[in-house]
Amino acid sequence: MALTKKEPRSKFYELLQAQVHNEFNASQQYIALAVWFDNEDLPQLAKHFYKQSVEERNHAMALVQYMLDTDHHVEIPGTGEVRNEFSGVVDLIELALAQEKEVAADIQTLAKAARAEEDFMAEQFVQWFLAEQVEEISQMTTLLNVVKRANGNLFDIEAHLHRESVGDSAPSANMPPVAGGAL
């Protein structure tokens, strides 16, 4: 028996489904950044963005798990366009920061929809993602500042990432469950 799409879907669940796409697309974009850094023999920057890619994938799969847990139909989308051409390191980090700010705005829209629909479970679920975006924007802003202060000395950036272990923390214990398990 084939499962069919459950109707009607609330605005929150429509936005949540769209956010699955956004998170997978962010994951793919971070892979493109990581590969660019790998090609430039910048292993710490590459490692950082490979990890960011996995984190975004885990976020998408947490959204999927929530929809499964709340008995909503899930569609796994393709991803959008991924940028692969960059003029330099500042360009890449600025793209990453802009991407994190866009995701934060999307998560805020999700939170507003949950609240407007008086879906208190959904509102509670989204809270972790709101806090996560504060951390992501802060880390990417710091990295952009370090890159700009390095004034072209890529070894200073590499040393900073190695020394500070930016983004190397384990997933938070209160992260929502991830479909298939977190990577």
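Any residue at all in region 37-50 that is modelled with pLDDT of 95 or more, of a type in the set (D, E, K, R), under 18 Å from the mean Cα position of the chain (by Cα) and in a helix (DSSP H, G or I)?
yes
Check Met175, Met121 and return the single one that is part of a loop (DSSP other than H, G, I, E, B) and of a type outside the set (Phe, Trp, Tyr).
Unique residue meeting the criteria: Met175.
Restricting the search to region 56-91, which residues are part of a helix (DSSP H, G or I) and either farther than 23 Å from Glu132 by Cβ or without any contact (Cβ under 8 Å) to a residue 12 or more places away in the chain (or both)?
Val89, Val90, Asp91
Among Asn84, Asn174, which is the only one that is under 20 Å from Val35 (Cα atoms) and either touching a strand residue (DSSP E or B) at 6+ places or on another chain (Cβ under 6 Å) or surrounded by fewer than 14 Cβ atoms within 10 Å (Cβ to Cβ) (or both)?
Asn84
Out of (1) in contact (Cβ under 8 Å) with a residue 24 or more places away in the chain; (2) in contact with a Leu (Cβ under 6 Å, 6 or more places away or on another chain), the odd one out for Leu143 is which?
Against the list (1) in contact (Cβ under 8 Å) with a residue 24 or more places away in the chain; (2) in contact with a Leu (Cβ under 6 Å, 6 or more places away or on another chain), Leu143 comes up short only on (2).
What's the number of the only condition in (1) crowded, with 20+ Cβ neighbours inside 10 Å; (2) closer than 30 Å to Val146 by Cα that Glu94 fails to meet?
(1)
The values are calculated or read from the model by the stated rules, or taken from the named source; none is laboratory data. Because the structure is a prediction, the values reported are computed rather than measured. Because the Cβ atoms are built from the backbone with ideal geometry, glycine has one as well, and the counts that use them run over all protein chains shown.
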